[in-house]
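Trainee: There's a structure below that I have some questions on.
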């Protein structure tokens, strides 16, 4: 798989460019089902953000930095405009990119997302003092009992680089786009698991309500990672929405 300007990415399909941005401590691997499920409808890119996965460091220290890295990637890929799909921290980065460069963003699909992100000080402290235990607790929050089989691989992934995971959460903490969301004019889809306790349905509804014309899709018995826990339902929501995105 290719690398451009130090950023590794997976790519599949042809058509409308769609760029998928992973969440805190994540990588392109979180989008495997979308790469396959949308390949006949779009050209789907799934990068490792700088400092994550196989991409060169450093990792951005802020959500704005993640947005700048995303726009730079569009330049490096020769994409004038693209749909941005983001999960959690990646959704915040997608929003920031659309706010700073609206002409570059065709639409926003925001998964496990909120208009503001807060991280418990205790979690940040625990990730510094005892990352192994903190990651176990974090993953238990991310995946409800119906998705408990996914916890082991998630723990193993986050334990590979706990420092970057903590830095990502520090970047998320205090990010708040609520006063600026009325400026967004592109189509938007908000996908939320009904069992998500990290960005719960009430925050997803707030986000969708602040973006003019946004559609809210709630997925039953799903936690914070719909694209991994319910890939078929997530792909179906995205496919139907993409049909309406010019």
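Trainee: Please order 45, 8 by the number of other Cβ within 10 Å, starting at the fewest.
Mentor: Details: 45 25, 8 20.
Fewest to most other Cβ atoms nearby, the residues stand as 8, 45.
Trainee: Highest mean first, how do 229-239, 18-28 rank when packing is the count of other Cβ atoms within 10 Å averaged over residues? Kindly include the intermediate steps, with their values, before the conclusion.
Mentor: Numbers: 229-239: 19.0, 18-28: 26.1.
Output ranking for 229-239, 18-28: 18-28, 229-239.
Trainee: Over the Cα atoms of the chain, what Rg and Dmax result, in angstrom?
Mentor: 16.3, 48
Trainee: Please list the three semi-axes, largest first and in whole Å, of the ellipsoid equivalent to region 13-103, using sqrt of 5 times the eigenvalues of its alpha carbon gyration tensor. Each step should come with its number before you reach the end.
Mentor: Details: eigenvalues 72, 48, 26 Å².
Each semi-axis is √(5λ); the values are 19, 16, 11 Å.
Trainee: Based on the Cβ-Cβ distance from residue 123 to residue 183, what FRET efficiency comes out when R0 is 35 Å, to the nearest 0.05?
Mentor: On the way: r = 31 Å, r/R0 = 0.89.
E between residue 123 and residue 183, to the nearest 0.05, is 0.65.
Trainee: In nm, to one decimal, how far is the modelled label at residue 136 from the one at residue 244, with both set 7 Å along Cα→Cβ?
Mentor: Simple spin-label model gives 4.5 nm for this pair.
Trainee: Using alpha carbon centroids, what distance separates region 1-54 and region 166-186, in Å?
Mentor: After rounding, the separation between the Cα centres reads 22 Å.
Trainee: Just want to confirm a number: the relative contact order over the chain, from Cα pairs under 8 angstrom separated by 6+ residues, in percent. Can you show the working numbers first?
Mentor: Details: 535 pairs, mean separation 48.4, N = 246.
It comes to 20 percent, rounded to a whole number.
Trainee: Could you tell me what fraction of 2.2 N^0.38 Å the Cα radius of gyration of region 151-197 comes to, as a two-decimal ratio?
Mentor: Values: Rg = 15.5 Å, N = 47, 2.2 N^0.38 = 9.5 Å.
The reported ratio for this selection is 1.63.
Trainee: Moving to a separate point now. Let me understand region 184-239 better: what is its radius of gyration from the alpha carbons, and its Dmax, in angstrom?
Mentor: Rg and Dmax of region 184-239, Cα atoms, are 10.9, 31 Å.
Trainee: Taking the DSSP beta bridges in the chain as the whole, what percent of them are antiparallel, to the nearest 5? All intermediate terms of the calculation are to be shown ahead of the outcome.
Mentor: Details: 8 of 31 bridges.
Here the antiparallel bridges make up roughly 25 percent for the chain.
Trainee: What is the pair-distance distribution P(r) of region 131-246, computed from all Cα-Cα distances in 5 Å bins starting at 0, with each bin given as a whole percent?
Mentor: 2, 11, 17, 19, 19, 16, 11, 5, 1, 0
Trainee: Pull out the extension gain between residue 80 and residue 149, defined as 0.36 nm times the separation in residues minus the alpha carbon to alpha carbon distance; nm, one decimal.
Mentor: On the way: separation 69, 0.36 × 69 = 24.84 nm, distance 4.00 nm.
Here the segment from residue 80 to residue 149 would lengthen by 20.8 nm.
Rule-based calculations on the coordinates, nothing more; no lab input. Please read all numbers here as calculations on a predicted model, not as lab measurements. Cβ atoms come from the backbone with ideal geometry, glycine included; neighbour counts cover every protein chain shown.
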